[in-house]
Amino acid sequence: MSTNHTVYYELRDALAGEGCAICGLALRGLRRYMEGLAYEAVNNIAIRAELRAARGFCAPHGLMLREVRSALGTAIIHRDIVGAAMGALESSGGGSGGGLLGRLMGGQPRGGGALAPQAGCPACAQRRKTEEVYLGTLAARIADAELRQSFDASAGLCLPHLRAALGRCGPAAFGQLKAAQLGVWGRLAGELDEFIRKCDHQFAHEEIGAEATSWSRASLLISGHPLLGLAHDEV
């Protein structure tokens, strides 16, 4: 089976899961990356240099590394980063007031302070590579009957990934994805309305159904999964 076919079927299958399919696929890719780093590539010179330059992972991906539960791998990685941060701090020039603080915290133009990251979070870069593969396939194949049917029955995309997907669509695919997502949101809006109604004491006696989790699902579908570290305005 070709890589293109594999990506297509992985995307189709992910649409049958909970939440945004792109979030799910990106999370799977990141967990594999973190496991490989902590257990196999912890002594890779190039990767260690990237992590030193980045001053470690961003907060969501630092948490993901801890969840791998490789105490030794995590210790080795962070000993290296702590050493780099110590060296940056020790080599910082003297000064007084806001000037020194600004240099340390990255107040120089382009974030050039001694303690500021000198490169982006490597896990964020890995996440973007994974997203690009599946977003491109979604944009190219959303008109396929099988994929469109899977999307229509899914939870749709989170807002950051929807923006990214629409930005990769031609006119026809844009219309297909727009219509599919509006259908998904229409169902979600109905569930939220029903949940809100049943929270009224007048209707508290009514049995609550699938709408019970609508508030939680809506939060994830607006913001994206918290472990991905998606920027609110990311495209």
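The values are calculated or read from the model by the stated rules, or taken from the named source; none is laboratory data. Because the structure is predicted, anything quoted here is derived from the model rather than measured. As a convention, Cβ positions derive from the backbone with ideal geometry for all residues, glycine included, and neighbour counts pool all protein chains shown.
Per the conditions (1) farther than 30 Å from GLY83 by Cα; (2) modelled with pLDDT under 95, the sole criterion not satisfied by ALA114 is (1).
The residues of the range 15-44 that are over 15 Å from the mean Cα position of the chain (by Cα) and either of a type in the set (Ser, Thr, Tyr) or part of a helix (DSSP H, G or I) (or both), listed by number, are GLU35, GLY36, LEU37, ALA38, TYR39. Return yes or no: is GLY156 under 21 Å from ASP144 (Cα atoms) and surrounded by fewer than 15 Cβ atoms within 10 Å (Cβ to Cβ)? Against the criterion (under 21 Å from ASP144 (Cα atoms) and surrounded by fewer than 15 Cβ atoms within 10 Å (Cβ to Cβ)), GLY156 does not qualify. Taken as a whole, the condition of being in a helix (DSSP H, G or I) and on the phi < 0 side of the Ramachandran plot does not apply to ARG168. Among the residues examined, TYR9 qualifies as aromatic (Phe, Trp, Tyr), in a helix (DSSP H, G or I) and surrounded by fewer than 17 Cβ atoms within 10 Å (Cβ to Cβ). Filtered by the rule that a residue be of a type outside the set (A, V, I, L, M, F, W, C) and touching a residue at least 12 places away in the same chain (Cβ under 8 Å), the range 171-189 gives GLN176, LYS178, GLN181, GLY183.
Given ILE77, ILE81, ILE47, which one is in contact with a Gly (Cβ under 6 Å, 6 or more places away or on another chain), within 25 Å of LEU115 (Cβ to Cβ), among the aliphatic types (A, V, I, L, M) and in a helix (DSSP H, G or I)? Can you show your working first?
Working: ILE77 fails: in contact with a Gly (Cβ under 6 Å, 6 or more places away or on another chain); ILE47 fails: in contact with a Gly (Cβ under 6 Å, 6 or more places away or on another chain).
Within the list ILE77, ILE81, ILE47, the selection yields ILE81.
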